[in-house]
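The values are calculated or read from the model by the stated rules, or taken from the named source; none is laboratory data. Note that this is a predicted model, so its numbers are computed, not measured. With ideal geometry, Cβ positions are generated from the backbone for all residues, glycine too; neighbour counts draw on all protein chains shown.
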Amino acid sequence: MARRATWRIPTNINARLHCCNNGCSRTVTNLSENGMSVSTNEMCSPIDSQFEIIIPLKEETLHVAVKLIRSVKTDSDSNGIGVELLNPSQKYINFVNDLLFVL
């Protein structure tokens, strides 16, 4: 398995996933300029499916197009998915860079 090209920033961000004509609240557990890990109980979409993650900010909302690249199932309730960002906006890149300054 290839190593990640960028560092991941640990987070605990509430977000909404919009896939399969459904929306559900989930938690982004880490992110980078290229991808995210999201905690979820289940995922109805197959690998390589595309959907949107919506991240509410103080004064605006980020809409991030992603592709599902990994589904992680464990024996506990901490299942999750890994997504790759599709053409992240400059607003998203700025958001990630701002998080780096907080660390």
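Specify the residue that is nearest to the chain's Cα centre (by Cα); the eligible residues are those in region 18-65 that are acidic (D, E) and assigned to a loop (DSSP other than H, G, I, E, B).
Checked region 18-65; the qualifying residue nearest to the chain's Cα centre (by Cα) is E33.
Identify all residues within region 66-97 that are assigned to a loop (DSSP other than H, G, I, E, B) and in contact with a Ser or Thr (Cβ under 7 Å, 6 or more places away or on another chain); write none if there are none. Even if it seems obvious, please write down each step before you answer.
Just the residues of region 66-97 that are assigned to a loop (DSSP other than H, G, I, E, B), to begin with: 73-79, 86-89.
Passing the criteria: S78, N79.
For every residue, the table says whether it meets (1) under 14 Å from E84 (Cβ atoms); (2) basic (K, R); (3) modelled with pLDDT of 90 or more.
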{"residue": "T6", "(1), (2), (3)": "yes, no, no"}
{"residue": "C19", "(1), (2), (3)": "no, no, no"}
{"residue": "N41", "(1), (2), (3)": "no, no, no"}
{"residue": "K58", "(1), (2), (3)": "no, yes, no"}
{"residue": "T61", "(1), (2), (3)": "no, no, yes"}
